[in-house]
Amino acid sequence: MVFFLFIISFESSAMWVDGVKDGCPDTQYEYIVYDFPSWGDFAVEVSIGNTLVSLESINSTTKKFKVKYGNSTDFNAWVNVMVKVLGVTVDNTDFFVHLSVSSPSSPNGGTILVCPNGANVNLTTNAYMNCLFHCDYIWTAPSGVNLKYGAFQGNSIRVLPQHQPVELLASGIPTGYLGLLSVAAKWSECGLAGDTYGYAEVYSGPPVLDPKVNGSPSQGYDCTTGDAILTVNYQPGTTSVNWSVIAGTGTITPNGAICYATPNNFLLIKVREENACGATEHFYYLSQCGSRSYQIYPNPSETDITIDFDNKEFAQGLLNKIDLLDLKGNMVYSVQFKDEKDKAYFKNNKSLKIDTKKFKRGNYVLHLDFGKYIDKEQIILN
């Protein structure tokens, strides 16, 4: 008996597949195979783990096939395109398709600035990307803030993603940092994995400065030993921060939300921060610790005493009250500078004279109330 052995060799093909490699659950995709060899039969297998996925369609003529992946998430589907001869695979090309759900992008880039009683803000996220068009969105604003879509209004709004935009209402909101706004893709309601979220911080109105001196809250009047580091909060949405010397002597070196300041004796520094809603200003009254920004003369005195401030801005900004007390604690003289009308005196004057002729001769204590502290000076009347 004679046996004949036939060996048939096939040249490896250069076929390739065009189609989605990163896909969405519960979605049908079409693939097309290019450069499929004319001498072979067309076959395709799709599997997830050890489970085969049924094809929606396969066309041996056009070399196209369709597959719909299920509702599982975060897995790899294996697609194997085969060239078969007499039922035997002689060539193939394969690839993985990663299927996942992902979080909505941060609404409006992650930061939302709304101006009280100004225009409403349209909220946007990646509704048509990363599989997010399948399920409802739930938008939730910070406490005390309302949203609107069509005739619907409230702190929380449910819409389909393609129904954007939802509006954040500007009417009646407070100012400052309002909290986080969230958007939830409700995958759990579509038979998929858990919900995913995107977040944005919401700010309202002109910048909130939170001014500090050397890391501690500014008290209005602050002293420093040597240099001082002045800071304000650089709020998202800020368009400019400007520092300037209003009065006094010394140097400043501004650098955005930070300013390095060195007062010779006293410096009045203004910082102004702006955003689309307006501007906020703060005044730093800064001196060297242990220094005094005024003189009292003559002392002893026979007829009157003068309190002479280095700067009228210092007196206008900080001085609340002047009291003269005898050694028993009885007040014999008092003048207040607590409102704008009282402080207007120092718009054109940097000194104040007290007539002492009507007081008994003797020793007294002069109190200068600067709010944060009270300076005390002994006065002698001859």
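Only the coordinates and a few stated rules stand behind these numbers; no lab work does. Nothing here was measured: the structure is a model prediction, and the numbers come from that model. Please note: Cβ atoms are built from the backbone with ideal geometry, for glycine as well, and neighbour counts cover all protein chains shown.
Tabulated values for the structure
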| quantity | calculated |
| --- | --- |
| Segment LEU327-ARG292, extension gain: residue separation times 0.36 nm, minus the distance between their alpha carbons | 10.2 nm |
| Extension reserve of the ASN122-ASN299 stretch, reckoned as 0.36 nm per residue once the Cα distance is removed | 56.9 nm |
| Ordering of 271-284, 337-350 by packing [mean C-beta count within 10 Å, highest first] | 271-284, 337-350 |
| Highest-fluctuation residue, TRP16, TRP139, TRP243 considered, GNM on the chain with Cα pairs under 10 Å | TRP16 |
| Added length on full extension, which subtracts the Cα-Cα distance from 0.36 nm per residue, SER57 to THR27 | 9.4 nm |
| Under-5 Å amide H pairs with LEU178, H placed in peptide plane, nonlocal only | VAL202, TYR203, SER204 |
| Options TRP39, ALA141, THR125, ranked by Cα towards positive dipole end of the chain, top entry (Cβ charges) | ALA141 |
| Distance between modelled label sites at ASN349 and ASN255, nm, 7 Å Cα→Cβ extension | 4.4 |
| Sequence-distant residues sharing a close amide H with GLY70 (under 5 Å, placed H) | ASP26 |
| Computed FRET value (nearest 0.05) for LYS341 with GLN378, which takes r as the C-beta separation and R₀ as 41 Å | 0.85 |
| Label-reachable residues, the stretch 15-59, where backbone N falls under 19 Å from a point 7 Å from CYS190's Cα toward its Cβ | 20-30 |
| Computed Kirkwood radius, in angstrom, where 1/r is averaged over Cα pairs of the chain | 28.3 |
| Relative contact order (%) - the chain, alpha-carbon pairs under 8 angstrom, separation at least six | 9 |
